[in-house]
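Take a look at the structure below.
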Amino acid sequence: MNDRNDRPGDDDYRVVIGEECFDWRALTDGERRDALDALAEVLEPLADGRRVALLGPAYDTECLRSVNLTDALWGKDSELPHDERRLLQRLLDKCRMVEETDLPQPVRVPGGSWREPSWGTAHALARSAAGRATSCLLTWQAPGYEDWPSGWITAELETADGHDEVRLHLLRVPEDTPGFWRGVYTHETREPLTADRFFTLTEEAFPGLLFADSLSLSHFKGSYTEVLPWLVQLLGALNDHFAQSLSSCSGDQNQVMARFSAMKLDISPESPNTKKNARAWEQRNVTYRGTSYRCEWHGKRLWDRDRVHFSLPIPAYGNRILIGIFTDHLDT
């Protein structure tokens, strides 16, 4: 089995803070407080000393009128609100300091205007252009980037030889984070994630799911490259919609199935015949942290193969869903 204690990206960073997040010069006091809160909300779950990078020049960024970030955060006469300033100090101290810089080149999104990015945003673009899937932290308050959507975007980068298109992820709010890690699995990156690394990203990509220790991708009949796009789509939909669909549909299984069918996903509960078959029904029981749960729903890639069996939402784990079985096909 894969080591479930591995963390994404090994010892490398995947998120880079754009210094545009620190430009509070045109904001009122109330807007400035909101901007600091928004930045901390995105950064706090990620700042662990490794996953988020801050470029050295960031501390020289003019974030208030004639005041750089260093003085704004640590100066005794700082205009920033005390509690928000102290929290941001702690979070930035937990970021990985990167001194290497990439010369900023003009960039735009399709239909947008050209702008010169900060050192951090330029570094994120350069890593993405080199094939390393990277997310650039640019909160909605970052001036000049209001027309850039969150999530995965295509940015046009000006180069000495013309223009290059680069796939980049923009991290605006905490809810954008799972979409980044899902994109690392699939076509958003030129660095394909190998099967032995699959479980290193599940916690970040699918925070509403639990994964049984017995899971193995080798239990599918299809190859890893065949199964992966469907598997990431299914897990993402279960994470985002299954519990909510059960609730809003008042447990009506047919309505839940129809909602997933609209997403081109085939899920269903086990049939009455399967429930009457004691041996087959027992196969759906999965032990997770010492407790047995029945994975009584499943999604299938094809009608006769490659199934993912999963539980109903588990109240003891905040209504998270247990992904219990990867299989070719169980008894019915």
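The numbers here are math on the coordinates, done by the rules we state, and not lab data. Bear in mind the structure is a predicted one, so any value in this text is a computation, not a measurement. Because the Cβ atoms are built from the backbone with ideal geometry, glycine has one as well, and the counts that use them run over all protein chains shown.
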Report summary line: Other residues with Cβ under 15 Å from the Cβ of Ser66 give, with Lys and Arg +1 and Asp and Glu -1, a net charge of -4
Report summary line: Between Thr287 and Asp161, the FRET efficiency computed from the C-beta separation at R0 = 51 Å comes out, to the nearest 0.05, as 0.35
Report summary line: With T = 4 °C, eta = 1.567 mPa s and Kirkwood Rh from C-alpha pairs, the Stokes-Einstein D of the chain in µm²/s is about 59
**Report entry** Pairwise FRET efficiency - Arg65 versus Glu146, Cβ, R0 = 30 Å, nearest 0.05
**Finding:** 0.90
Query raised in the report: Are there chymotrypsin sites (Phe, Trp or Tyr not before Pro) in the stretch 256-331 that DSSP marks as loop and that have at most 13 other Cβ atoms within 10 Å, and which are they?
Result: Trp303
Report task. Please work out the FRET efficiency for the pair Ser218 and Arg85, using the Cβ-Cβ distance as r and a Förster radius of 45 Å; give the result to the nearest 0.05. Result -> 0.30
Report task. Averaged over every viewing direction, what's the projected area of the C-alpha convex hull for the stretch 1-123? Give it in nm², one decimal, please. Result -> 9.8
Query raised in the report: If you take the C-alpha gyration tensor of the stretch 57-116, multiply each eigenvalue by 5 and take the square root, what semi-axes do you get, largest first, in whole Å?
Result: 27, 15, 12
Query raised in the report: Can you tell which of Leu193, Leu55, Leu171 shows the greatest fluctuation in a Gaussian network model of the chain with Cα springs below 10 Å?
Result: Leu193
Report summary line: Log entry: pair-distance distribution for the stretch 156-246, C-alpha pairs binned every 5 Å from zero, whole % per bin is 2, 11, 20, 22, 18, 11, 7, 5, 3, 1, 0
Query raised in the report: Under a point spin-label approximation (7 Å from Cα along Cα-to-Cβ), what is the Arg305-Lys276 distance to one decimal in nm?
Result: 3.0
Query - Principal axis box of the stretch 211-332, alpha-carbon based, largest edge first, Å - result: 35, 32, 29
Report summary line: Once both label points are put 7 Å beyond Cα along the C-beta direction, the Thr101-Ala40 separation in nm becomes 2.9
Requested in this report: Could you give me the percent of Cα pairs per 5 Å distance bin for the stretch 262-322, shortest bin first, beginning at zero and ending with the bin that holds the maximum distance?
Outcome: 4, 16, 24, 25, 18, 10, 3, 0
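Subtracting the Cα-Cα distance from 0.36 nm times the residue separation, let me have the gained length for Ala262 to Asp48 in nm, one decimal.
Result: 73.2 nm gained on full extension.
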Query raised in the report: Gap in Å between the Cα centre of the stretch 258-289 and the Cα centre of the stretch 95-140?
Result: 45
**Report entry** Rg over Rh [alpha-carbon atoms, Kirkwood Rh] for the stretch 101-152
**Finding:** 0.92
Report summary line: Checking Arg51, Arg307, Arg259 against a Gaussian network model of the chain (alpha-carbon springs below 10 Å), the top fluctuating residue turns out to be Arg259
Query raised in the report: Of Arg301, Arg167, Arg289, which has the largest mean-square fluctuation in a 10 Å C-alpha GNM of the chain?
Result: Arg289
Query raised in the report: Check Leu170: other-chain or 5+ apart residues with amide H under 5 Å from its amide H, H built from backbone geometry?
Result: Cys136, Gly151, Trp152, Ile153
Report summary line: Rh_Kirkwood(the stretch 57-213) over Cα pairs, Å, one decimal, evaluates to 17.6
